[in-house]
Amino acid sequence: GRTLASSGSNWVIRLWETVGPSKEVSRKRRLVNSARRILDERAKTTPFASDLVASLRQDAALESAVRDTAIQIAETRGDDPNALLASCQAILRNLDADQNSLQLALRQIETAAAILTDDVMIYWMLGLARLRNGKLAEAVDASDRSNQLAQEQFKNDSAAALLVKAMAHFRLGATEQARSTYTQAQALPPSNIDPPADLKLVAQLAEQVIR
């Protein structure tokens with residue numbers, strides 16, 4: 001045959017060509033490689049697939065074949081929820097983040113939540129992003145969803161979700177409900193539901209808000 005396959009202990013399958021590719025195959029590969037380089041470079045400053053596609057469509061300087069290929073790849077890849085989560089985390093960990101950054105974080109985590117619909121952390125992170133953008137009632141909703149998922153998946157509450165909910169209630173003026181939820185979160189034993197570094201950050205924020 002024209003192609004051989006091999007695999008190793010790391011379970012990676014490699015394909016080896018026994019004859020050189022045709023001119024047409026070589027042309028298509030160069031086209032794809034060029035498109036991927038453009039995408040990788042633009043993705044550094046344009047994290048959303050929809051924005052990336054829009055920027056490609058508007059770029060008349062690109063060769064049409066390269067542009068069309070890049071658009072096809074971008075649409076196929078879609079958004080990376082884990083990359084969006086990581087970027088959102090970095091913003092929310094900065095207690096001095098400006099409003100533009102906080103709005104970006106909210107869009108990132110909303111996009112991630114639309115993809116990973118049963119992730120405990122993503123939903124309380126969504127609640128925190130909404131909280132820091134002043135969307136208090138929506139923050140409560142996201143926190144409730146996070147805690148519901150924690151109970152379904154871990155048979156326990158998420159301390160981070162409860163702390164975010166407590167802060168939102170406090171800023172909504174429901175101080176007694178906020179203090180009750182805050183106390184409930186503090187009474188929870190250590191668990192593997194919430195990453196320690198992020199839980200510590202939320203706990204520090206909650207301590208500042210609920211005095």
- Note on the structure: With +1 on the Cβ of every Lys and Arg and -1 on the Cβ of every Asp and Glu, the dipole magnitude of the chain about its Cα centre, in debye rounded to the nearest 20, is 700
- Cross-link reach list, lysines versus residue 200, counting only Cα pairs under 24 Å and skipping chain neighbours closer than eight places: 135, 155, 165
- How big is the charge dipole of segment 1-40 about its Cα centre, in debye rounded to the nearest 20, if each Lys and Arg gets +1 on its Cβ and each Asp and Glu gets -1 on its Cβ? 200
- Nearest 10 degrees, 0 to 90: helix 99-115 Cα axis against the chain principal axis: 70
- Message: Using a 1.4 Å probe on the protein heavy atoms only, what accessible surface does residue 25 show? Give it in Å² to the nearest 10.
- Response: 60
- Item | Tilt relative to the chain, helix 136-154 - C-alpha long axis, 0 to 90 degrees, to 10 | 80
- Message: With just the Cα atoms defining each centre, how far is segment 171-211 from segment 54-85? Give it in Å.
- Response: 41
- Message: Suppose the chain between residue 43 and residue 98 were pulled fully straight at 0.36 nm per residue; how much longer would it get relative to their current alpha carbon spacing?
- Response: 17.6 nm
- Point-to-point label distance, residue 110-residue 86, nm (Cα→Cβ direction, 7 Å offset): 2.4
- Taking a ≥ b ≥ c as the square roots of the Cα gyration tensor eigenvalues, with a/c under 1.5 meaning rounded and otherwise prolate when a/b beats b/c or oblate if not, segment 101-211 comes out oblate
- Task: Putting +1 on Lys and Arg Cβ atoms and -1 on Asp and Glu Cβ atoms, find which of 146, 111, 16 reaches farthest to the positive end of the dipole of the chain.
- Result: 16
- Item | Rounded FRET efficiency, nearest 0.05, which uses the C-beta distance separating residue 154 from residue 15 and R0 of 41 Å | 0.50
- Item | Rounded tilt (10° steps) of 159-172 against the dominant C-alpha axis of the chain | 60
- Message: Taking a ≥ b ≥ c as the square roots of the Cα gyration tensor eigenvalues, with a/c under 1.5 meaning rounded and otherwise prolate when a/b beats b/c, else oblate, which class fits segment 1-123?
- Response: oblate
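The values are calculated or read from the model by the stated rules, or taken from the named source; none is laboratory data. Computed from a predicted model, the values in this text were never measured in an experiment. Using ideal geometry, Cβ is built from the backbone for each residue, glycine included, and neighbour counts are taken over all protein chains shown. Ligands, DNA and RNA are stripped out before the accessible areas are found, and what is left, the full protein with its side chains, is counted by its heavy atoms. Shrake-Rupley method; radii C 1.70, N 1.55, O 1.52, S 1.80 Å.
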